[in-house]
Structures are given as C-alpha cells and as structure tokens.
Amino acid sequence: MPSSFLDSFVRYVERHELATHDDRILLTVSGGVDSMVLLDLFTRAGYRVGVAHCNFQLRGAESDEDELLVEEQARLRGAAFYNRRFDTRGEMERTGESMEMAARRLRYAWFDELSRAEGYTAVAIAHHADDSVETFFINLLRGTGLRGLTGISTQAGRIIRPLMFATRKEILEYAVANRIPFREDSSNRSTKYLRNKIRLGLIPRIREINPKFTALMRRNLARLDDAQRFIDRVIDRIRTEAVTHEGAIDTIHIERIDPSFPLGFVVYELLGSAYGFKGDVIDALCRALHHGATGRRFYARDHVATVDRGRIVVAPIAGDDPCEVEVPQGTLRSYCGNAVLYYEYRDIDTIEAFGVPEPIAQIDADKLRFPLVLRRWREGDWFVPFGMTGRKKVSDYLVDAKVSLPEKQRQFVLVSGDEIVWLVGRRIDDRYRLTAATENVLRITKEIV
C-alpha cells in the first residue's frame, strides 16, 4: 500500500495541477495524522516545502507537545519550520467569535502573511475526502445554495488540498504502515462541535445502511461540482445579456432574463458571487421585486441593491448612504454596509454571564418593539449607556471614547421604536439590560469586518 498511496498522491497533484517541483509549498501541519502524512508525502515526492504550525494554546501541555513534534519532524526532513503562538482565548473575548471562527481567521491570515513574506507559491491544507463529505452535511443543515453542497474545493487561490483523493481510513493506514508519528487532538472526540456530531454520530449510522457511503458521496459531490460549474457558465452568459454597466453602477434588467428560467435562482447567482449578497437578503429582494416595491434597498457588505421599476440597480455603498434596514422578529442576520449582525433568541437559563465582549449585545427581548431598525447614527441620537442612569448623546459618547472620524462614519445603531437599543459594537442601552426579571434574551453578535 505505501508506494501505491504515494503514487496516487503524485498523480492527484499532477492531474489537478496543484503544484510543480518548481513551486515552494507551505505545508500547514498541526501534528495530527492527516497533516503529518501530508508532510511525509510531499517530502518523499521531492517537492520544495516549508512547514507552518499554529499553536492556539487551548489545550495546555498537549498544544506544546504538538508543536515540538511538528518542529522535530520538519527538521528531520530538512524543511524550514515556522511557528506562531496565538492568544486564541483573548481573541475570542475581544471579538465574541466562537473558538472555531477565531482560530480559522487567525491561521489563514498568518498563512497568507507568511507565504507572501517567504515566497511560497502554494499553501497546502490536509483536508481529505471525509472532510468534504462532512462539510456537505454541515452546509446542508445550516442552509446553503448548491455551491455549498459541493464539499471542499481542491484548490482556491493559492490554497491547495492534495489529500482530497484519500479517506481518513486510508490516511491512517498509510501512517501506521510507514511509522509516521502523529498526535491525537482530544477535542476531536468531543461532540460539542457540529462537525464532530456529524463525524461521530450521523455518518457512522449512514454507513450501517450503506458501507460504500463515502465512495458514493465522493461521486455525488463530483456531480454537484459539475452541475455548479455548468450553472456558472450559464450565469456568465445571462450576465452578459442582462446586466449593463455604467461606471461603478450595474443594472440587472429582469425583462432580459428568459422567463422560463427560475428567476429567484438566477438573481441569487447573479448577486451572490459577484457582489456578496447573502441568501436571505436575496430572498427578501425577490419578494420586493415580485410585489413591485420600487425604491426598496438591500445591503451586502460593500454593495447596495435597489429595486427600480422591475430592475435591480447595484452600486457600491456610498459614505453618506443612510444604510437603514428593518429587522423583523425572527430575523437570523441582517446586513447594512460593514455592519453584519447575527440574532439568536435564548432563554435566560442558557445565559452563563451577563457581561459579554463589545461585539455582542444581550438584550431583554420582551422589552423590544419589532421590527427593529438597523441604521447609521444621526446627530441628535441619544441613549442611556449601560451602567449609567442618565442619557447621553451618541456624538458625545463617541468623542469620549476617542473614536476616529472614519469609525464614526461607520457607526451603526439598533433601534426599537424610537429608542436606541445598542450602539452597535460598543454599548447597549441600560434600559434593555438583562435583569433578575428577564425571561427571554436576544443575543446579537456583530461580525468583525
């Protein structure tokens, strides 16, 4: 098996044109079996590599022992070794992100910085076929378009995934046969995380029904990927026929789209990939389009789409754009320029602490009047900052907080009725704080952008 597995690896890299022997490849190695096999295969095949290891300092001595193993193996194989220790918990407290989100953002930013500084032309990640199947189910459960059901891509920019030809079982068998040292991350056995619930709970049950499930899913994912690539070509053709450009403003002429096509799907593809609009925003836009709601505005991070007499006009968000959107009860997320908010309704008994990081607001949900409104702050706005008894102008609060002019221009408020509930990312209004009488909580997280 060892030689045939190595041959399969080399063929996969060559067939998908992931790297050549002239490339300098940065291997991301955690110390787990997948990444340690990645290191072994690349060095045995004679590629020029360096090794990057992230120590997230989340598992005490275990994290340090992972670091030592990776450094030792990199040196033994003659590969340059790069290590970065992250204050992951501190970052989670600062941003309000989950551990997975904070760790992902930190490591990919470092990989990009390192590859640019050291001249690496590719960054290799040790994802494999089982990871792709798990990602399919994660996206299916969270809600996604077809693109999210195609699994993990083999290549995205300088990121390459050369182990996508192999299953977790095949990788482990190769490691054992070749006596490759690796470490087991204890968190991989925890069912606290959705991926592990799917890996340890759902997929084994499916395999009981069909032992060839992984091979079947690989074929299904390949077909879905083919379907998405076909759709991309069709959408490109529609874009050339139905979208006009005038300066920075694009106009989608609905009447130029074949009426036999599913309009909502076409609009989703036109707006999502090119401008970054999310599915629920596009759904609301299509409803407004159907009802002829001329003038309604919908926001992505950098663009605003306006329904205009059966057309969709898309433009970059201007600095003076009022950027005002309604937030009906039950909304899961809202977008308004650089303000991306996620909403979660919780029972007070599930709240562990009343104090939270600035990007998070915990509000007494029963005091709110819906729909809420997310908008830029205005002169004359005031609120009662958490912990205070008197009201304060938003302008004075921002001055006292030494907020720069560009930040002031990007400052949003969340409003209930005519009262500010949250100076977004900074301070909630004391009138909406959690108290001993609170029963229902609206927890709102601002995405860091």
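The values are calculated or read from the model by the stated rules, or taken from the named source; none is laboratory data. The model shown is predicted, which means the values in this text are computed figures rather than measured ones. Cβ atoms come from the backbone with ideal geometry, glycine included; neighbour counts cover every protein chain shown.
Things to note:
- Identity of the residue in segment 127-176, more than 19 Å from TYR108 (Cβ to Cβ) and touching a Pro at 6+ places or on another chain (Cβ under 9 Å), that ends up surrounded by the fewest Cβ atoms within 10 Å (Cβ to Cβ): ALA175
- Hits in segment 81-105 - residues which are acidic (Asp, Glu), closer than 12 Å to PHE56 by Cβ and either modelled with pLDDT of 90 or more or not in a helix (DSSP H, G or I) (or both): ASP87
- Filter pass, LEU68 being within 25 Å of ASP185 (Cα to Cα), free of Cβ contacts under 8 Å to residues at least 24 places away in the same chain, assigned by TED's automatic domain parsing to the domain that holds ALA117 and among the aliphatic types (A, V, I, L, M): yes
- Test: LEU224 is aliphatic (A, V, I, L, M), touching a helix residue (DSSP H, G or I) at 6+ places or on another chain (Cβ under 6 Å) and not assigned by TED's automatic domain parsing to the domain that holds MET101: yes
- Number of the exception - PHE165 against (1) in the same structural domain as LEU27 (by TED's automatic domain parsing); (2) at pLDDT 95 or above; (3) not in a helix (DSSP H, G or I): (2)
- The residue that is farthest from GLY330 (Cα to Cα), counting only those in segment 275-291 that are in contact with a strand residue (DSSP E or B) (Cβ under 8 Å, 6 or more places away or on another chain) and surrounded by fewer than 15 Cβ atoms within 10 Å (Cβ to Cβ), is GLY276.
- Of all residues in segment 169-186, those being over 14 Å from ALA126 (Cα atoms), in a loop (DSSP other than H, G, I, E, B) and of a type outside the set (Lys, Arg) number 5.
- Within segment 367-406, restricting attention to residues that are assigned to a loop (DSSP other than H, G, I, E, B) and among the charged types (D, E, K, R), the residue that is nearest to ARG443 (Cα to Cα) is ARG369.
- Within segment 407-422, restricting attention to residues that are outside any loop (DSSP other than H, G, I, E, B) and charged (D, E, K, R), the residue that is nearest to the chain's Cα centre (by Cα) is GLU407.
- Number of residues in segment 241-271 that are modelled with pLDDT of 95 or more, among the charged types (D, E, K, R) and in a helix (DSSP H, G or I): the value is 3.
- Within segment 436-449, restricting attention to residues that are modelled with pLDDT under 90 and farther than 14 Å from GLN411 by Cα, the residue that is nearest to the chain's Cα centre (by Cα) is THR445.
- Within segment 292-319, if we keep just the residues that are touching a strand residue (DSSP E or B) at 6+ places or on another chain (Cβ under 9 Å), among the charged types (D, E, K, R) and in a loop (DSSP other than H, G, I, E, B), the residue that is farthest from LEU405 (Cα to Cα) turns out to be ARG296.
- Taking segment 106-126 as the range and being touching a residue at least 60 places away in the same chain (Cβ under 8 Å) and either part of a helix (DSSP H, G or I) or crowded, with 17+ Cβ neighbours inside 10 Å (or both) as the test, the residues that pass are ARG107, PHE111, LEU114, SER115, GLU118, TYR120, ALA122, VAL123, ALA124, ILE125, ALA126.
- Selection status of PHE277, in a loop (DSSP other than H, G, I, E, B), within 15 Å of ILE252 (Cβ to Cβ) and not β-branched (Val, Ile, Thr): yes
- Take the conditions (1) of a type in the set (D, E, K, R); (2) modelled with pLDDT of 95 or more; (3) under 30 Å from TYR342 (Cβ atoms); ARG142 misses just one of them, which is (2).
- When segment 13-55 is filtered for residues that are crowded, with 17+ Cβ neighbours inside 10 Å and part of a helix (DSSP H, G or I), the ones remaining, listed by number, are VAL13, VAL33, ASP34, SER35, MET36, VAL37, LEU38, LEU39, ASP40, LEU41, PHE42, THR43.
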